[in-house]
Amino acid sequence: MTREKSSYAVQTVEKALDILEALTEEGRPATLPYLAERLSLSRNKAFRLLATLESKGLVERDEASGIYRLGISSVELAQRLLNSTSIIKHAHPVMERLARKHDEAVYITVLKGDEILFVDMVDCEQVVKTAPLVGKRFPFFTNAAGKAIKALESADFLDKLSPKRHRNLGIPDPAALQTELRATRERGFAVDFGGLGDGIVTVAVAVRDYAGKVVGALTMLGPSFRMITSRLENEIIPSLMEGAEILSMKFGYAKH
């Protein structure tokens, strides 16, 4: 009986976490009927879970529309978590120096499965700039950060994936991507034009830990009219490579 209660409690926690995750997604308004259907819950159970989360400030409900959204306690919790994460603490000073030097937005990004998550940012002071991406996820092949990290994970990982897996991931041209990843592996940085939107350029260099494992990527992002080839080659890429080396050393990495 105790085991059954414990199992039920765990399932309840999982469903509560599923609700919080669903509220981070963009799409249909998060009403009670939608969340119940989305998570395969009865409306009664979904309501009880939402009421519990709401009582803790993790969820808020708009009385007029009935739409649920993340509460202020969720935001505070996420911020405390980010501030306590070692890669954020180590990366932020490096990001600040890069942002001040080049006046472009700088991020630290990590790989989550086959997606890149933008976890922290130092913004630029430019009048024209891209929308903040902190907390956003994108398929790895749509941006320089994903390519910089995947290129160092395995020299031929795409060759090992089935055609069906390529289609499921949405990779438009696996052969071209494999060639690009090999070139990225050789030169030590990645550049992507337009993968995150028309006119957006991303540049990234992977960061390693003491064991040589890739833990993330320093990423700079800006509009193409500023991120021109000569500036990338002569200023931004050398700075990012230096910054990534400094950050990797903070994690105990040493070149052999």
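For the stretch 155-195, a tally of residues being modelled with pLDDT under 95, under 26 Å from Pro223 (Cβ atoms) and aliphatic (A, V, I, L, M) returns 5.
Applying a threshold of 8 Å to beta carbon distances and a minimum spacing of six or more residues, or different chains, the list of pairs starting in the stretch 132-151 at a residue that is of a type in the set (Asp, Glu) and ending at one that is surrounded by fewer than 24 Cβ atoms within 10 Å (Cβ to Cβ) is empty. Each residue in the stretch 220-256 was checked for being open to solvent by 10 Å² or more (accessible area, probe 1.4 Å) and in a strand (DSSP E or B), and 1 pass. Inside the stretch 100-117, residues that are at positive phi and either part of a strand (DSSP E or B) or charged (D, E, K, R) (or both) make up a count of 1. Summed over the stretch 197-212, the residues that are over 13 Å from Glu104 (Cα atoms), crowded, with 21+ Cβ neighbours inside 10 Å, free of Cβ contacts under 8 Å to residues at least 60 places away in the same chain and not basic (Lys, Arg) give a count of 2. Just to be sure, is Arg69 touching a Leu at 6+ places or on another chain (Cβ under 7 Å) and either open to solvent by 50 Å² or more (accessible area, probe 1.4 Å) or not in a helix (DSSP H, G or I) (or both)? Yes; evaluated as a whole, the condition is true for this residue.
Taken together, the criteria place Ala51 among residues that are farther than 28 Å from Leu196 by Cβ, among the aliphatic types (A, V, I, L, M), modelled with pLDDT of 85 or more and surrounded by fewer than 16 Cβ atoms within 10 Å (Cβ to Cβ).
Restricting attention to the stretch 56-84 and to residues that are hydroxyl-bearing (Ser, Thr, Tyr) and at pLDDT 90 or above, the residue that is farthest from Asp18 (Cα to Cα) turns out to be Ser65. For Val215, the conditions (1) under 22 Å from Leu196 (Cα atoms); (2) part of a helix (DSSP H, G or I); (3) open to solvent by 10 Å² or more (accessible area, probe 1.4 Å); (4) of a type in the set (A, V, I, L, M) all hold with the exception of (2).
Here Val191 passes the criteria (1) in contact with a Ser or Thr (Cβ under 8 Å, 6 or more places away or on another chain); (2) surrounded by fewer than 20 Cβ atoms within 10 Å (Cβ to Cβ); (3) not hydroxyl-bearing (Ser, Thr, Tyr) except the one numbered (2).
Could you tell me which numbered condition Asp120 fails, if it satisfies all but one of (1) assigned to a strand (DSSP E or B); (2) open to solvent by 60 Å² or more (accessible area, probe 1.4 Å)? Result: Asp120 passes all but (2).
The values are calculated or read from the model by the stated rules, or taken from the named source; none is laboratory data. Not measured: the values here are computed from a predicted model. FYI the Cβ positions are ideal-geometry reconstructions off the backbone, even for glycines, and counts take in every protein chain you see. With ligands, DNA and RNA removed, areas are computed over all heavy atoms of the protein, side chains included. Shrake-Rupley method; radii C 1.70, N 1.55, O 1.52, S 1.80 Å.
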